[in-house]
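The values are calculated or read from the model by the stated rules, or taken from the named source; none is laboratory data. From a predicted model like this one, the values you see are computed outputs, not experimental measurements. Positions of Cβ are backbone-derived with ideal geometry, glycine not excepted, and every protein chain shown enters the neighbour counts.
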Amino acid sequence: MATARNEDTAVEETDRTAAEGRGRRAADAADAADSVEAVETVETVVAVEVVETVEGAEGAEAVEAAEGVEAVERRRVARVVLLDPDDRILLLHGHEPDDPTQTWWFTPGGGLEGDETREQAALRELAEETGITDVRLGPVLWRRHCSFPFAGRRWDQDEWYYLARTTQTATAPAGLTELESRSVAGLRWWTSAELSAARETVYPNRLAELLDALLGEGPPSTPLDLAPEIV
């Protein structure tokens, strides 16, 4: 009888051990399944993000294509806030080359060429666009990023605005590019009051306010970063 009970006990222990083994294998299998699902989920999310990124880029290109403009690398630009002895500011009158009804006023300046510095570019562009060379170039007043369509393409620019003074008020543009010749209608000296009362488009935005602060308080101790202008 004792032998039979011992044999029964051994069988029960064997069955229990087998059941526990099956339980552990089932748990391991469940964990493995969860891991696979987690990996698949991560891979799915990554794949979706990649697709969305690609589609977003393609969408942006499609929008640009629909607008008829071409994305370009950001230009480094130097501009000049040129003041005469009466504290008037000189602005150029620009327009779309193929649509003279789309007009605006803007400060002299343009993109850097070769390895020239911003200061060199500011003086060169000022001479080319206005004919004014008797200039005392001062500090950088403002910086801004702007992006806008013009002449059938998109222009993306990092602009620095330099203060400059001159006693030479007569203008004689002599170095305009072909595009500038088709898109610049003239130049004009503006008083702060005239600029504040203007109803025409002027770039940068808030130029009247910025000029008023400059004349009243002097140049900022460090350049002001203006809000981006995306047109």
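Does the range 184-199 contain any residue that is assigned to a loop (DSSP other than H, G, I, E, B), in the same structural domain as residue 107 (by TED's automatic domain parsing) and over 21 Å from residue 93 (Cβ atoms)?
no
Any residue at all in the range 114-124 that's assigned by TED's automatic domain parsing to the domain that holds residue 173, in contact with a Gly (Cβ under 9 Å, 6 or more places away or on another chain), modelled with pLDDT under 95 and not hydrophobic (A, V, I, L, M, F, W, C)?
no
From the list 165, 143, 136, 88, pick out the single residue that is at pLDDT 95 or above, closer than 25 Å to residue 209 by Cα and within 23 Å of the chain's Cα centre (by Cα).
143
Which residue is farthest from the chain's Cα centre (by Cα), if the candidates are limited to the range 91-133 and must be of a type in the set (Asp, Glu) and closer than 25 Å to residue 206 by Cβ?
129
Looking only at the range 159-182, how many residues end up being surrounded by 14 or more Cβ atoms within 10 Å (Cβ to Cβ) and outside any loop (DSSP other than H, G, I, E, B)?
Total meeting the criteria: 10.
Please specify each residue of the range 110-135 satisfying the condition of being small (Gly, Ala, Ser) and in contact (Cβ under 8 Å) with a residue 12 or more places away in the chain.
Result: 110, 111, 121, 122, 127, 131.
Considering every residue within the range 195-210, establish whether at least one is over 27 Å from the mean Cα position of the chain (by Cα) and among the acidic types (Asp, Glu).
For the range 195-210, residues over 27 Å from the mean Cα position of the chain (by Cα) and among the acidic types (Asp, Glu): absent.
Given the conditions (1) at pLDDT below 95; (2) touching a helix residue (DSSP H, G or I) at 6+ places or on another chain (Cβ under 7 Å), which single one is not true for residue 182?
Result: residue 182 fails condition (2) only.
Just name the residue that is nearest to residue 176 (Cα to Cα) out of those in the range 94-137 that are touching a strand residue (DSSP E or B) at 6+ places or on another chain (Cβ under 7 Å) and of a type in the set (D, E, K, R).
129
List pairs: first residue in the range 160-178 and closer than 29 Å to residue 224 by Cα, second residue of a type in the set (Val, Ile, Thr) and surrounded by fewer than 12 Cβ atoms within 10 Å (Cβ to Cβ) anywhere in the structure, Cβ distance under 8 angstrom, at least six positions apart or on different chains.
Every condition considered, the pairs that remain are 168/133.
Can you tell me which residue within the range 210-230, out of those that are among the charged types (D, E, K, R) and closer than 22 Å to residue 155 by Cβ, is surrounded by the fewest Cβ atoms within 10 Å (Cβ to Cβ)?
225
Does residue 216 count as touching a residue at least 24 places away in the same chain (Cβ under 8 Å) and either of a type outside the set (Ser, Thr, Tyr) or part of a helix (DSSP H, G or I) (or both)?
So residue 216 fails the test.
Any residue at all in the range 149-156 that's in a strand (DSSP E or B), assigned by TED's automatic domain parsing to the domain that holds residue 127, loosely packed, with under 12 Cβ neighbours inside 10 Å and within 16 Å of the chain's Cα centre (by Cα)?
Checked the range 149-156: no residue is in a strand (DSSP E or B), assigned by TED's automatic domain parsing to the domain that holds residue 127, loosely packed, with under 12 Cβ neighbours inside 10 Å and within 16 Å of the chain's Cα centre (by Cα).
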